[in-house]
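K.L.:
Quick one: the structure is below, and I'll ask about it shortly.
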Amino acid sequence: MRSAKHRIGIFDSGIGGFSILRELFKSGLDASYYYFADQAYAPYGERSDGEILERSEWIIRQLLKEQVELVVVACNTATAAAIDQLRQLYPDLPLVGVEPYINIKNQSDWNGPDNVCVITTPLTGKSSRFKSLKQRLDPQEEVDHYSCPNLARLVEEKFNNPTIDITSSLREELLPLMEKGYHGVILGCTHYPLIRQEIEAITSMVTISPCEGVAARVVQLVGECDLKVPAASDSTAIFYFRTSLNSDSGWEGQLAP
Ligand code: DGL
């Protein structure tokens, strides 16, 4: 089998980064992906900045053993808590983070709803990186912010046990947004786009995700102009997966999410 041209590392507290991995597959980038899910330490939204920095550093070291040329910090919480220090620690390694797409309201072609809220994990919401992003992109404070205490955890539970019905827990978690009557919600955690259909069905809100833009940035950084035919429907596309739940596990091939 011909080996891929690029090797990309990607990590999250769990499966949230699949929302970016999916877009990377769609981009047709000629790459092998090494995806680390730090499920033993999830959810990151309840941890401290120091813990997240320590975990991120450890994970990046594991990814570098696979000779990745770029790492996607596929987690808003880890981006908010640690990406600045990680860039100092690894000055030669391109790192692509993810932040809520607050800027969408400033786009001239935005024709979505006006009353929009951004939702994040508790730690992202408290972070100075998020606060300054919000101030910079939304100086008039037109976008409200709400921290969801359990939403990422619910997505993770559903993934680990697909037979459970999380609809009523989702409804309870999203009730504060419905009570405010927002028409749009900016998804500020990579777990949320994985349930965007459920969020839209429960709340009737339009959901806004940055994942496509993050994938486009990765493609731009690896400098790949001659993309292959988009692999979206290529069910044989694989990536390498590792979870911290089983500390002895190596990288296992998995089908595209
Ligand atoms: N998916 C992550 C994010 O984008 C982290 C969720 C969590 O573990 O709390 O924020």
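K.L.:
Within the range 66-79, can you find the residues that are touching a Phe, Trp or Tyr at 6+ places or on another chain (Cβ under 9 Å) and either in a loop (DSSP other than H, G, I, E, B) or open to solvent by 10 Å² or more (accessible area, probe 1.4 Å) (or both)?
P.N.:
GLU66, VAL68, ALA74, CYS75
K.L.:
In the range 46-62, is there at least one residue being outside any helix (DSSP H, G or I) and open to solvent by 20 Å² or more (accessible area, probe 1.4 Å)?
P.N.:
Looking only at the range 46-62, we keep the residues that are outside any helix (DSSP H, G or I), and these are 47-48.
After this cut, where a residue has to be open to solvent by 20 Å² or more (accessible area, probe 1.4 Å) as well, the list is 47-48.
Checked the range 46-62: at least one residue is outside any helix (DSSP H, G or I) and open to solvent by 20 Å² or more (accessible area, probe 1.4 Å).
K.L.:
Kindly check whether there is at least one residue in the range 32-39 that is aliphatic (A, V, I, L, M), out of contact with any Lys or Arg (no Cβ under 8 Å at 6 or more places or on another chain) and either outside any helix (DSSP H, G or I) or on the phi < 0 side of the Ramachandran plot (or both).
P.N.:
First, pick out the residues of the range 32-39 that are aliphatic (A, V, I, L, M): 37.
Cutting the leftovers down to out of contact with any Lys or Arg (no Cβ under 8 Å at 6 or more places or on another chain) gives us none.
So far as the range 32-39 goes, no, none of its residues is aliphatic (A, V, I, L, M), out of contact with any Lys or Arg (no Cβ under 8 Å at 6 or more places or on another chain) and either outside any helix (DSSP H, G or I) or on the phi < 0 side of the Ramachandran plot (or both).
K.L.:
Further question on the same structure: Name the single residue that is surrounded by the most Cβ atoms within 10 Å (Cβ to Cβ) among those in the range 191-213 being assigned to a helix (DSSP H, G or I) and aliphatic (A, V, I, L, M).
P.N.:
To start, the set of residues in the range 191-213 that are assigned to a helix (DSSP H, G or I) comprises 192-203, 211-213.
Then drop every residue that is not aliphatic (A, V, I, L, M), which leaves 194-195, 199, 201-202.
Values: LEU194: 25, ILE195: 21, ILE199: 23, ALA201: 11, ILE202: 18.
By that ranking, first place goes to LEU194.
K.L.:
Would you mind telling me which numbered condition in (1) at pLDDT 95 or above; (2) touching a helix residue (DSSP H, G or I) at 6+ places or on another chain (Cβ under 9 Å) SER27 fails?
P.N.:
Against the list (1) at pLDDT 95 or above; (2) touching a helix residue (DSSP H, G or I) at 6+ places or on another chain (Cβ under 9 Å), SER27 comes up short only on (1).
K.L.:
When the residues of the range 80-99 are filtered to those that are open to solvent by 10 Å² or more (accessible area, probe 1.4 Å) and part of a loop (DSSP other than H, G, I, E, B), which remaining residue is nearest to LEU187 (Cα to Cα)?
P.N.:
GLU99
K.L.:
Something else now. Which one is farthest from ASN115 (Cα to Cα) among residues in the range 173-190 that are in a strand (DSSP E or B) and within 16 Å of the ligand (Cβ to nearest atom)? First the steps, then the outcome.
P.N.:
Here is the first cut: in the range 173-190, the residues in a strand (DSSP E or B) are 184-188.
Keeping just the survivors that are within 16 Å of the ligand (Cβ to nearest atom) gives 185-188.
Working: VAL185: 9, ILE186: 11, LEU187: 14, GLY188: 16 Å.
Top of the filtered list is GLY188.
K.L.:
Then there's this: Among residues belonging to the range 127-164 that are β-branched (Val, Ile, Thr) and assigned to a loop (DSSP other than H, G, I, E, B), point out the one that is nearest to the chain's Cα centre (by Cα). Let's see the steps before the verdict.
P.N.:
Step one: filter the range 127-164 for residues β-branched (Val, Ile, Thr), giving 143, 155, 163-164.
This time we only want the ones that are assigned to a loop (DSSP other than H, G, I, E, B), so: 143, 163-164.
Working: VAL143: 20, THR163: 24, ILE164: 23 Å.
Residue satisfying both the conditions and the ranking: VAL143.
K.L.:
Considering each residue of the range 214-241, count those that are at pLDDT 90 or above and either open to solvent by 50 Å² or more (accessible area, probe 1.4 Å) or in contact with a helix residue (DSSP H, G or I) (Cβ under 7 Å, 6 or more places away or on another chain) (or both), and give that number. Walk me through how you get there before you give the answer.
P.N.:
Here is the first cut: in the range 214-241, the residues at pLDDT 90 or above are 214-222, 239-241.
Now drop any that are not either open to solvent by 50 Å² or more (accessible area, probe 1.4 Å) or in contact with a helix residue (DSSP H, G or I) (Cβ under 7 Å, 6 or more places away or on another chain) (or both), which leaves 214-221, 239-240.
So the answer is 10.
K.L.:
Also: Within the range 8-65, track down each residue that is within 16 Å of the ligand (Cβ to nearest atom) and basic (Lys, Arg).
P.N.:
Passing the criteria: ARG22, ARG47, ARG55.
The values are calculated or read from the model by the stated rules, or taken from the named source; none is laboratory data. Computed from a predicted model, the values in this text were never measured in an experiment. Here the Cβ is made from the backbone with ideal geometry for all residues, glycine too, and neighbour counts use every protein chain on show. To get the accessible areas, we keep the full protein, side chains included, count just its heavy atoms, and leave off ligands, DNA and RNA. Shrake-Rupley method; radii C 1.70, N 1.55, O 1.52, S 1.80 Å.
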